[in-house]
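K.L.:
Here it is, the structure, as structure tokens.
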Amino acid sequence: MAWSREAARTRMMDSYEQMDDIDLRPLTREMDLENLGLSQARTVTGVHVYLDVTNFQSLLEARRENTAELKKLLRHLTVFQRQVERLLRQQDGAAVRVHFQGARLHLIVFKPYDTEEGATLARLVKAVTLVEQVRQLADMIQFHTDIHFEFEAGVDTGEAIATMNARARRRQLLFVGRPANEAAKALTGNPSAPGEERLAAGAAPFTKQLPSAAAREKLPTSFEAAVKEDIEAHPLESLDITDVRAPIDYGSLGKKVARLEEAITFFGDLSGFTSYVASLSTEDEKKEALRLLHVLRSEMQAVVADYDGDFIQFQGDRVQALLYEARTSGRFKSKAVETAAALCSAVDLAKELFPALSTLDVSCGADVGKVLVGRVGLRDDKEVTVLGRSIPCASELQDGAGDGHTAISVRLWEGIEKSLQGFFSLKKERYVADVDLERIEAEEAAKAYDSGGRVVVGGTLSDGLRVTPAATGGIRPARSWGE
């Protein structure tokens with residue numbers, strides 16, 4: 001199966017019609033952020049925190065060939081994330097986990113509301129206090145596991161829009177707006193000392209008013225028993241690291257962790273959408289932007305499925321996917337490149353259908369390597385997590401790809417088909433291309449002509465012409481279609 005312009009056009013219009021009556025209003029005491037419907041959105045003034053375990057990758061790399069030690073690390077991460085979730089649930093509804101991105105946590109603090117005096121500072125104090133309590137929680141777990149986590153926190157405050165969209169059964173709470181983006185961008189990849197969070201522009205003016213790490217409220221002592229109980233509930237022998245022989249059943253993951261010896265981590269990121277939303281002033285304009293975001297996210301998810309990839313999660317307006325042999329029945333490395341090309345074509349189509357998106361573009365990044373796939377969290381709220389060196393590498397490749405470009409690692413380029421290798425140029429130890437699906441199809445058509453073959457011309461001027469090699473019949477082009 002491959003991406004089709006005609007099928008995508010139908011999907012996009014269907015997604016657009018799904019969101020014809022958006023309920024957008026400020027968040028109030030009577031509303032629950034975690035139970036938003038597809039057509040509901042809330043304007044939320046709050047503090048966004050990205051808390052990253054900066055040494056997790058080195059801990060993982062040191063244990064990747066030692067299954068017993070790997071189980072210890074996975075148990076440590078499992079207990080850590082479960083207890084972090086428990087901590088957030090004890091904040092009287094003031095803080096919510098948005099999601100984990102591997103070992104990185106995105107959370108928001110949105111109480112007290114702005115109707116109370118000094119609400120912004122109070123939320124920031126709560127946010128940095130939670131950061132310090134998570135550090136203390138990690139120390140408690142270390143007492144049982146002898147594994148030390150190092151942390152870095154990015155923090156920003158301001159107004160963002162909370163949505164719950166994408167395709168059915170995989171919808172996620174996500175935020176659109178500057179503070180969520182800037183909190184993530186504040187991260188440097190290096191650990192920060194207690195009390196030295198990276199404050200983005202919205203939060204920086206409050207720096208001197210925030211309490212030092214020593215002055216912040218301590219983690220409740222009840223967590224000592226909770227951590228011990230959770231460790232005992234996850235004995236090492238209960239963890240099952242299983243090599244993948246068939247498509248992953250994500251519902252069965254938990255204490256069972258899937259291990260892939262070779263898989264593609266893929267990221268596709270929309271550029272310009274946050275700026276587009278920030279430029280809007282009326283409620284009707286913001287509602288239209290949310291309709292279009294649903295269209296884009298739904299199509300990004302569909303593109304991944306078109307090339308037999310597994311959708312993992314959205315990270316704002318970025319999609320994360322996984323491609324591997326047991327799912328794709330071969331060609332999974334080349335399919336990663338085709339996914340990127342199709343995503344570029346899909347965004348171009350969206351810009352044609354919806355002129356408000358004219359300033360948008362997409363960048364993609366992909367890398368290949370060993371990964372572990374599991375589900376973490378408390379029983380009623382688990383989410384998929386993927387761990388491995390290829391995840392930060394693919395993320396870095398995507399970040400540096402540039403608008404309309406795809407960047408892949410050298411080891412991935414070496415594994416794709418020669419017909420696709422030719423689209424890429426080596427730049428600073430990575431291969432970069434500005435390829436879309438139309439260019440790939442045109443190249444295939446050119447091969448048919450160059451070898452003396454014939455082609456069939458299909459499609460329409462409005463939908464886009466399609467030139468494909470003809471097994472029988474067809475015509476001989478007057479010139480190379482690739483020119």
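The values are calculated or read from the model by the stated rules, or taken from the named source; none is laboratory data. In this text, all values refer to a predicted model and were calculated from it rather than measured experimentally. All Cβ positions, glycine included, derive from the backbone under ideal geometry; neighbour counts span all protein chains shown. Note: areas computed on protein heavy atoms with side chains; ligands, DNA, RNA excluded. Shrake-Rupley method; radii C 1.70, N 1.55, O 1.52, S 1.80 Å.
K.L.:
Straight-line reach from LYS126: which aspartates and glutamates have a Cα under 14 Å away, not including same-chain ones fewer than 8 places off?
P.N.:
Correct list for LYS126: ASP92, ASP156, GLU197, GLU217.
K.L.:
On a 0 to 90 degree scale, rounded to 10, what angle separates helix 390-399 from the longest Cα axis of the chain?
P.N.:
Once rounded, the angle reads 70 degrees.
K.L.:
Based on the alpha-carbon gyration tensor of the range 1-126 and its eigenvalue square roots a ≥ b ≥ c, which shape applies: rounded if a/c is under 1.5, prolate if not and a/b is larger than b/c, or oblate?
P.N.:
In terms of gyration-tensor shape, oblate.
K.L.:
Here's another thing I want to ask about it. If you take the Cα Rg of the chain and divide it by 2.2 N^0.38 Å, with N the number of residues, what do you get?
P.N.:
Relative to the rule-of-thumb radius for its length, the chain sits at 1.03.
K.L.:
At a Cα cut-off below 25 Å, give the lysines reachable from LYS428, other chains included and same-chain residues fewer than 8 away excluded.
P.N.:
LYS185, LYS333, LYS335, LYS370, LYS418
K.L.:
What whole-number distance in Å separates the alpha-carbon centres of the range 99-130 and the range 218-289?
P.N.:
The distance from the Cα centre of the range 99-130 to that of the range 218-289 comes to 20 Å.
K.L.:
Could I ask something else about it? When the helices in the chain are scored as -39500 (n - 2.57) per DSSP H run of 4 or longer and the sum is shared across all residues, what 222 nm value do you end up with, to the nearest 500 deg cm²/dmol? Mind dumping the intermediate values first?
P.N.:
Details: 14 runs with 180 residues, N = 483.
For the chain, the value works out to -12000 deg cm²/dmol.
K.L.:
Still on this model: Taking only protein heavy atoms into account and a 1.4 Å probe, give the accessible area per residue of the chain in Å².
P.N.:
43 Å²
K.L.:
Let me ask something else about it. Share of the chain's accessible area from carbon and sulfur, percent, 1.4 Å? Please list the in-between numbers first.
P.N.:
Values: 9930 of 20690 Å².
So the carbon and sulfur contribution to the accessible surface is 48 percent.
K.L.:
Tell me the label-point distance for the pair LEU378, HIS144, using the 7 Å Cα-to-Cβ offset, in nm and rounded to one decimal.
P.N.:
Each label point is offset 7 Å from its Cα along the Cβ direction, giving 1.6 nm.
K.L.:
Could you tell me whether the range 69-176 comes out rounded, prolate or oblate from its Cα gyration tensor? Rule is a ≥ b ≥ c as square roots of the eigenvalues, rounded for a/c under 1.5, then prolate if a/b exceeds b/c, otherwise oblate.
P.N.:
oblate
K.L.:
Ordering TRP3, TRP413 by accessible area with a probe of 1.4 Å, largest first, what comes out?
P.N.:
TRP413, TRP3
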